[in-house]
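S.K.: My questions all concern the structure below.
The values are calculated or read from the model by the stated rules, or taken from the named source; none is laboratory data. No experiment lies behind these values; they were computed from the predicted model shown. Here Cβ is always computed from backbone atoms with ideal geometry, including for glycine, and neighbour counts include all displayed protein chains.
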Amino acid sequence: MSDPKPRVLQIGRLTPWLEQQLAADFDLTLLAQQPDARAYLAEHGAGFVAAVTSAAVGIDAALIESLPKLQVISSFGVGLDKIDLQAAARRGIPVGYTPEVLNDCVADTAFTLLLDVARRATEADRFVRQGGWLKDKFPLATRVSGKRLGIVGLGRIGRTIARRASGFDMEIRYHNRRPAEGVSFGYEPSLVELARWSDFLVIAAAGGAESRNLVSAEVLDALGPQGFLVNIARGTVVDEAVLVQYLQEKRIAGAGLDVYVDEPRVPEALLQLDNAVLLPHVASATHETRQAMSELVLENLRAFFGEGRLKVAAPGA
């Protein structure tokens, strides 16, 4: 890259390694370090040609418009619901993101939650730690092997989850807006009917307005009192208030959740339930995957400024 270095605005904190590399390759400014972000952007926004953000933080239309010379956005993560892709597209700004490299760890987390909530592993751990085993036997749990797994969203992560399920001899069906190509699993055009068929329903669908409250009371009724829900997608895909009620009333057997509507705030009622396993949005949070994601964020920017293209561009931008 020729001097002067492209000016890059960093929105939210990233991994230490990535921040160091960005600072070495680019003229980097961290927006969070500015005492008054709005005033800073009003005065200096025209100087930036790139923005780096994350799926958790995103970038909205107002922020995009405050950067009149913005040429590219590179995001850490696979979620796009907090990035205004339409605003970027109107300006012809490509958006890079980091799919593929996190598929395995997210699928692993989905199965961690599935096994945990079915076999009551963390509940049993609490039982032992609190002295319950000295007084009584732990209740029976639910077998996973050989059961029916419904996957909502058979994209990259959904297909990886399906491969994990094959090791447990599970029968698989899925629901998408349209049938996926190149798969042998049964396609169910109705999410309600997929839930009715499933012993375990795993949510791997994209977030955003189109999928908000996709998992509704009707879907949970179909899943029923013997069925389990696992969500490693976005909290907004599930009607959270209804889910809490159904767990409280044992109208579904249990839920394994890594995502919530208003993170990091988790509904107090969920914290009280033994039939809910709760993780703090850590599906991709391994050393290996976060490093691979960091490298792809950097590679996207380097490719754009070096070759005029992104290595991995988000659809719709």
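S.K.: In segment 296-317, how many residues are crowded, with 18+ Cβ neighbours inside 10 Å, in a helix (DSSP H, G or I) and within 22 Å of the chain's Cα centre (by Cα)?
M.R.: Of the residues in segment 296-317, 4 are crowded, with 18+ Cβ neighbours inside 10 Å, in a helix (DSSP H, G or I) and within 22 Å of the chain's Cα centre (by Cα).
Results for (1) farther than 17 Å from A233 by Cα; (2) touching a residue at least 40 places away in the same chain (Cβ under 8 Å), shown as yes or no for each residue.
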{"position": "L247", "(1), (2)": "yes, no"}
{"position": "V266", "(1), (2)": "no, no"}
{"position": "N275", "(1), (2)": "yes, yes"}
{"position": "L278", "(1), (2)": "no, no"}
{"position": "R302", "(1), (2)": "yes, yes"}
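S.K.: Further, regarding this structure: Consider only pairs whose beta carbons are under 9 Å apart and that are at least six residues apart or on different chains; among these, list those whose first residue lies in segment 204-215 and is in the same structural domain as N176 (by TED's automatic domain parsing) and without any contact (Cβ under 8 Å) to a residue 60 or more places away in the chain and whose second residue is in a strand (DSSP E or B) and surrounded by fewer than 17 Cβ atoms within 10 Å (Cβ to Cβ).
M.R.: If the second residue must be in a strand (DSSP E or B) and surrounded by fewer than 17 Cβ atoms within 10 Å (Cβ to Cβ), no pairs are left.
The rows are residues; the columns are (1) assigned to a loop (DSSP other than H, G, I, E, B); (2) over 20 Å from R13 (Cβ atoms); (3) in the same structural domain as E19 (by TED's automatic domain parsing).
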| residue | (1), (2), (3) |
| --- | --- |
| A51 | no, no, yes |
| L67 | yes, no, yes |
| S75 | no, no, yes |
| Q86 | no, yes, yes |
| A89 | no, yes, yes |
| I93 | yes, yes, yes |
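S.K.: Can you go through A62, A32 and tell me which one is outside any strand (DSSP E or B), within 27 Å of the chain's Cα centre (by Cα), within 30 Å of A205 (Cβ to Cβ) and free of Cβ contacts under 8 Å to residues at least 40 places away in the same chain? Lay out the reasoning, then the answer.
M.R.: On the way: A32 fails: within 30 Å of A205 (Cβ to Cβ).
From the options A62, A32, the qualifying one is A62.
S.K.: To continue, here is another question. In segment 250-280, what count of residues is obtained for those that are of a type in the set (D, E), part of a loop (DSSP other than H, G, I, E, B) and surrounded by fewer than 16 Cβ atoms within 10 Å (Cβ to Cβ)? Step through it out loud before you land on a result.
M.R.: Of all residues in segment 250-280, those of a type in the set (D, E) come to 258, 262-263, 268, 274.
Cutting the leftovers down to part of a loop (DSSP other than H, G, I, E, B) gives us 258, 263, 274.
Checking which are surrounded by fewer than 16 Cβ atoms within 10 Å (Cβ to Cβ) leaves us with 263, 274.
Number satisfying all stated conditions: 2.
S.K.: If I filter segment 149-163 for residues that are in contact with a Ser or Thr (Cβ under 6 Å, 6 or more places away or on another chain) and over 26 Å from E299 (Cβ atoms), do I get at least one hit?
M.R.: Within segment 149-163, one or more residues are in contact with a Ser or Thr (Cβ under 6 Å, 6 or more places away or on another chain) and over 26 Å from E299 (Cβ atoms).
S.K.: Where in segment 163-249 are the helices (runs of 4 or more DSSP H), entirely inside, with at least 1 residues that are acidic (D, E) and under 28 Å from L102 (Cβ atoms)?
M.R.: Correct list: 240-248.
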